[in-house]
Amino acid sequence: MATTFTIGDLAREFDLTTRAIRFYEDMGLLQPQREGPGGRNRVYSARDRTRLKLTLRAKRLGLSLTEARDIIDMYDSPRDTGPQLRKFLAVLADHRRQLEEQMADLQANLDEVKVHEKEARALLNKVERKAG
């Protein structure tokens, strides 16, 4: 018998809200079976659990949910893994480039803050010397 999970099971395991899991469903990342009256109960497969885990990993890397879905969907397909890995590497390279640009921007901002701090300290020293 295949292992299945409820939305509550996954929410507890991954420390998510059920609303977040439903959002991932809406994005096409998860596709639970529906059971019970009117299909109200979601039943997640081991595949859904794995997809959720990969989604959260991609999110930690800073990838968009669309990028995460595209990459995860590639691994679901029975095609050759070469194109899949090339696509994954391209996405990672692009993301790394974005992060490096953000890091450079942050470093420039930090350098500017340091300059202003130094100027403000110098002015404060002048003011305190005049007052003293």
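The values are calculated or read from the model by the stated rules, or taken from the named source; none is laboratory data. Given the structure is predicted, the values throughout are model-derived calculations rather than measurements. Positions of Cβ are backbone-derived with ideal geometry, glycine not excepted, and every protein chain shown enters the neighbour counts.
Among the residues that make up region 94-102, is at least one of them at pLDDT 85 or above and not in a helix (DSSP H, G or I)? It would help to see each step written out before you state the result.
Initial filter on region 94-102 (at pLDDT 85 or above): 94-102.
Subsequent filtering for residues that are not in a helix (DSSP H, G or I) retains none.
Checking region 94-102: not a single residue is at pLDDT 85 or above and not in a helix (DSSP H, G or I).
I want to confirm something. Restricting to region 31-72 and keeping residues that are part of a strand (DSSP E or B) and of a type outside the set (G, A, S), which single residue is nearest to H95 (Cα to Cα)? Before you say what the answer is, go through the steps one by one.
Residues of region 31-72 part of a strand (DSSP E or B): 33-35, 41-45.
Add one more test, that the residue is of a type outside the set (G, A, S), and what stays is 33-35, 41-44.
Details: Q33: 33, R34: 36, E35: 39, N41: 37, R42: 33, V43: 33, Y44: 30 Å.
Once the filter is applied, the top-ranked residue is Y44.
Please go through (1) assigned by TED's automatic domain parsing to the domain that holds T18; (2) touching a Leu at 6+ places or on another chain (Cβ under 9 Å) for A46 and return the number of the only condition it doesn't satisfy.
Here A46 meets the rest and fails (2).
If you check every pair at least six apart or on different chains, which have Cβ atoms under 6 Å apart with a residue in region 27-44 that is closer than 29 Å to E67 by Cα first and a residue that is modelled with pLDDT of 90 or more and assigned to a loop (DSSP other than H, G, I, E, B) second?
R42/P32; V43/P32; Y44/P32
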